[in-house]
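Below you'll find the structure, written out as structure tokens, and then a few comments.
The values are calculated or read from the model by the stated rules, or taken from the named source; none is laboratory data. Since we're looking at a predicted model, the values are computed, not measured. So basically every Cβ, Gly included, is an ideal-geometry build from the backbone, and we count neighbours across all protein chains shown. Only protein heavy atoms, including side chains, enter the accessible area calculation; ligands, DNA and RNA are left aside. Shrake-Rupley method; radii C 1.70, N 1.55, O 1.52, S 1.80 Å.
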Amino acid sequence: MKQMGITDREWADLKCSIEAGKAPVGTFLVGGPSEAMTREAQALLLAASHPNYHVRYFLCSNRGVFRTPCFFSVANEQMQPERLDAFEFLQEKQPGRERCLQLKVEELERAALHDSSLSQMIVIEYLLPPVKLDLSFTLHILRSALSRRIPIIMLYHQQNPASTVQSTLPTGSKIEDIVSLLYLCGGRVRELDWQKLVAHLPEAYDQFIASRRDGTDTWICYANRLTTEEAENIYQTMDQGRRHQLARHALHVLQHCTGYPLLTIASETGDLEAMLSVYSRQAIEATISEPEGLIRYYERLRHVAQMACDNNVSGAAYTLAQLAYLLLDDMQAVQVYRRLHGVLPDAIDLRTRFAFWITLGLALATLAHPEAWEYAAECFQLGKECLKKLDQRSGARAKLDLIGVVNGEALVAYKQHQYEKAQKLVEFVLAHIKDTTNNFRIHVLTNLGDVLLRSPAGREAALERYGEALLLSTRVVRKLQSRSTLEQVLPYRQRAALKLGNILIELERYEESIQILERLLRDFAKVTGRIWIEERYTQMVLKAKLTLAQAYLKAGQERMAALCYWSILRYPCWLDVAVLRDVATRLCACRPALHELLRRRIERIVSEQEMIMADVMQIQEIFTEARYSLQHEMVA
């Protein structure tokens, strides 16, 4: 990574190469006083409009709850308001923060690495030190295959003590309203939407509001870092009535636009009808990666509903707020359990109660804390009590719900080393899962193998169950023969194949282990890129190749083991340096007579990854320190 200031010769040279359509591959961090950085960013995007380029531009421009991740796009959709239903929320599998940005990075990798007709370039601008999710996105970009193949330019606005920009906005001015509207919308607004939000711009507004042209789109944002820092305080100190008025106006204009924090904006209206008018699946998806905004919405909605004596909405909002807390981090499950004390609002129906307790129980059961397992067992018991009262449903639905509870109880028993109890529970699940998905059946069979491995029956019994799980996954793949099916079944297939392969190695049945693992890796080759492996598959492929290499070595096939290790080194993205060094050492041990040129290439691969990881650490330190400094200044 190259660090430079906007007055450095290196920056001038880089701009010239961009204007010529020949930007060099690499990572560049460019810093400078905010007002000057705004001009440089505008000029860079103009230069990058060169026909040879396809530029991906991301702007980090807000903090607080009114924000959307910099990688979210904006689109117009005819969103229909949906009923506030905690049960529907529970039925939908909500992606976590990391998964949202992981999908975006994979999309960028596919676009950049598959389309060679245009030169790709990524520009990320930071009006403020990035918040946690935007920083994580930056680090993912740097660790991905993108950093080895295209230019990545990061523009960082630094504080400027000598700034001549007006430090405070006139109280009660039109400018104050405009900056507050921009703050409500996440700090960036598409120009077409901005024209609807703000009919008339006052004089001198360009001291506070600027624009960026990204290809065919123009974005409105803050003009400098100082305005960005003050925007939150400007809005928060505004009269409540005025805040409500601005939020209602923004909501009315943007109600069909995804990519803005609509639910968080709605939480500021203080109006029950307005808050419910934008509640939809699309609005949830736009907010879910920043759960603080979702929590704020549900908690404000509960308060407004209580004032309106609407117990149904109030109860649903309270329950949904607890679920939103689970999206913050894993340990929130413990806090939610302690906060509830086993009690949900009376207005919540039995079906939703059951789904809630099972969801919370599973979140607790997956934690590595004995106390959480006790809480999980209590949640599953509460779920069972709900099931007993749900006596007017079809037998199939009731059976599936019971299977869900028992499967959770089996996980708790296994974690508490109660293997005999866990075996009985898993066998019960296995005997009643004819109507479930194949993936769940593969999962349960593998679980039973895990339990049997720790029972008196031992390896032979576990081997049989792992084999059944793998055979079922093979039948699923052969029967449906689609990429999407393979992507869905692969995590379950890989888990069963690895466990089976390891036991076969222990039993000295090396050839069988090799056949199973080679077939698994052929399946991975069908869904991964030829020149890179997506992050979600990296660890799965790594474990499979390491186990396969071990089987080759045990079978006396050193050359095949060396090829396996070499195939790991060819795809270093997402792997830690320690892992690469260990693999390199194993490779050299397999082939002591390895040619010197190949040894140098191996060392170069590891060294390049070391440099990339050093860049990642440096960027993380720079922005983390800057964010803490900003927080301390705000407190002071």
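Take the residues in the range 223-246 that are outside any loop (DSSP other than H, G, I, E, B), open to solvent by less than 50 Å² (accessible area, probe 1.4 Å) and within 16 Å of TYR156 (Cβ to Cβ), then tell me which one is modelled with the lowest pLDDT.
GLU229
Do you know which residues across the range 427-447 are among the polar types (S, T, N, Q) and touching a residue at least 24 places away in the same chain (Cβ under 8 Å)?
Listed by number, the residues that qualify are THR436, ASN438, ASN439, THR446, ASN447.
Would you please name the residue that is surrounded by the most Cβ atoms within 10 Å (Cβ to Cβ), looking only at residues in the range 8-28 that are assigned to a helix (DSSP H, G or I) and either of a type in the set (Gly, Ala, Ser) or touching a residue at least 12 places away in the same chain (Cβ under 8 Å) (or both)?
Here the answer is ILE18.
Is it fair to say VAL105 is closer than 25 Å to GLU191 by Cβ and surrounded by 19 or more Cβ atoms within 10 Å (Cβ to Cβ)?
In short, no.
Identify, please: which residue in the range 171-183 is among the hydrophobic types (A, V, I, L, M, F, W, C) and at pLDDT 90 or above and is, among those, nearest to the chain's Cα centre (by Cα)?
LEU182
Step by step: first the residues of the range 497-519, then only those that are touching a Gly at 6+ places or on another chain (Cβ under 8 Å) and not basic (Lys, Arg), then the one that is most open to solvent (accessible area, probe 1.4 Å). Which residue is that?
ILE516
Check GLN322, GLN306 and return the single one that is in a helix (DSSP H, G or I), closer than 25 Å to LEU364 by Cβ and without any contact (Cβ under 8 Å) to a residue 40 or more places away in the chain.
Just one listed residue meets the conditions, GLN322.
ALA274: part of a helix (DSSP H, G or I), in contact (Cβ under 8 Å) with a residue 12 or more places away in the chain, in contact with a strand residue (DSSP E or B) (Cβ under 9 Å, 6 or more places away or on another chain) and buried (at least 18 other Cβ atoms within 10 Å of the Cβ), yes or no?
no
For the range 148-162: of the residues being within 18 Å of ALA41 (Cα to Cα) and modelled with pLDDT under 90, which is surrounded by the most Cβ atoms within 10 Å (Cβ to Cβ)?
Here the residue is ASN160.
So if I check each of ILE288, ILE265, ILE220, which one is open to solvent by less than 10 Å² (accessible area, probe 1.4 Å), under 25 Å from PHE58 (Cβ atoms), at pLDDT 90 or above and hydrophobic (A, V, I, L, M, F, W, C)?
Testing whether each residue is open to solvent by less than 10 Å² (accessible area, probe 1.4 Å), under 25 Å from PHE58 (Cβ atoms), at pLDDT 90 or above and hydrophobic (A, V, I, L, M, F, W, C) leaves just ILE265.
Hey, does the range 64-76 have a residue that's crowded, with 20+ Cβ neighbours inside 10 Å, under 29 Å from the mean Cα position of the chain (by Cα) and over 30 Å from ALA321 (Cβ atoms)?
Scanning the range 64-76, I find no residue that is crowded, with 20+ Cβ neighbours inside 10 Å, under 29 Å from the mean Cα position of the chain (by Cα) and over 30 Å from ALA321 (Cβ atoms), so the answer is no.
Could we say that GLY342 is over 21 Å from VAL189 (Cβ atoms) and not β-branched (Val, Ile, Thr) here?
yes
Could we say that ALA112 is in contact with a strand residue (DSSP E or B) (Cβ under 7 Å, 6 or more places away or on another chain) and either modelled with pLDDT of 90 or more or part of a loop (DSSP other than H, G, I, E, B) (or both) here?
no
Any idea which residue in the range 344-354 is nearest to the chain's Cα centre (by Cα), counting only those that are surrounded by fewer than 21 Cβ atoms within 10 Å (Cβ to Cβ) and not in a loop (DSSP other than H, G, I, E, B)?
Result: ARG351.
Looking at (1) open to solvent by 60 Å² or more (accessible area, probe 1.4 Å); (2) under 25 Å from LEU320 (Cβ atoms); (3) not charged (D, E, K, R), which is the one condition that is false for ALA368?
The single condition ALA368 does not satisfy is (2).
Inside the range 205-217, can you point out the residues that are open to solvent by 30 Å² or more (accessible area, probe 1.4 Å) and either of a type in the set (Ser, Thr, Tyr) or farther than 18 Å from VAL74 by Cβ (or both)?
Residues satisfying the conditions are TYR205, ASP206, GLN207, SER211, THR216.
From the list GLU487, GLU468, pick out the single residue that is more than 31 Å from the chain's Cα centre (by Cα) and not basic (Lys, Arg).
GLU468
Search the range 115-134 for residues being hydroxyl-bearing (Ser, Thr, Tyr) and at pLDDT below 75, and hand back the single one that is nearest to the chain's Cα centre (by Cα).
Out of the qualifying residues, it is SER116.
Give the residue, chosen from HIS341, HIS249, that is open to solvent by 40 Å² or more (accessible area, probe 1.4 Å) and at positive phi.
HIS341
Which condition from (1) at pLDDT 90 or above; (2) open to solvent by 20 Å² or more (accessible area, probe 1.4 Å) is the one that GLY186 breaks?
(2)
May I ask you to list the residues in the range 303-312 that are open to solvent by less than 40 Å² (accessible area, probe 1.4 Å) and either at pLDDT below 95 or on the phi > 0 side of the Ramachandran plot (or both)?
Correct list: empty.
Got at least one residue in the range 257-271 being free of Cβ contacts under 8 Å to residues at least 24 places away in the same chain and part of a helix (DSSP H, G or I)?
No, there is no match, as no residue in the range 257-271 is free of Cβ contacts under 8 Å to residues at least 24 places away in the same chain and part of a helix (DSSP H, G or I).
Would you check if PHE58 is open to solvent by less than 70 Å² (accessible area, probe 1.4 Å), among the aromatic types (Phe, Trp, Tyr) and within 30 Å of GLY315 (Cβ to Cβ)?
When the stated conditions are applied, PHE58 does not pass them.
From the residues in the range 575-619 that are out of contact with any helix residue (DSSP H, G or I) (no Cβ under 8 Å at 6 or more places or on another chain) and under 30 Å from SER136 (Cβ atoms), which one is least open to solvent (accessible area, probe 1.4 Å)?
In this case the residue turns out to be SER607.
Being of a type in the set (A, V, I, L, M) and assigned to a helix (DSSP H, G or I) is the filter; apply it to the range 29-38 and report the residue that is farthest from VAL616 (Cα to Cα).
ALA36
Looking at the range 613-623, which of its residues are within 21 Å of the chain's Cα centre (by Cα) and in contact (Cβ under 8 Å) with a residue 40 or more places away in the chain?
MET613, VAL616, ILE619, GLN620, PHE623 - these are the residues of the range 613-623 that are within 21 Å of the chain's Cα centre (by Cα) and in contact (Cβ under 8 Å) with a residue 40 or more places away in the chain.
When you scan the range 417-434, do you find a residue that is among the aromatic types (Phe, Trp, Tyr) and under 29 Å from the mean Cα position of the chain (by Cα), even just one?
no
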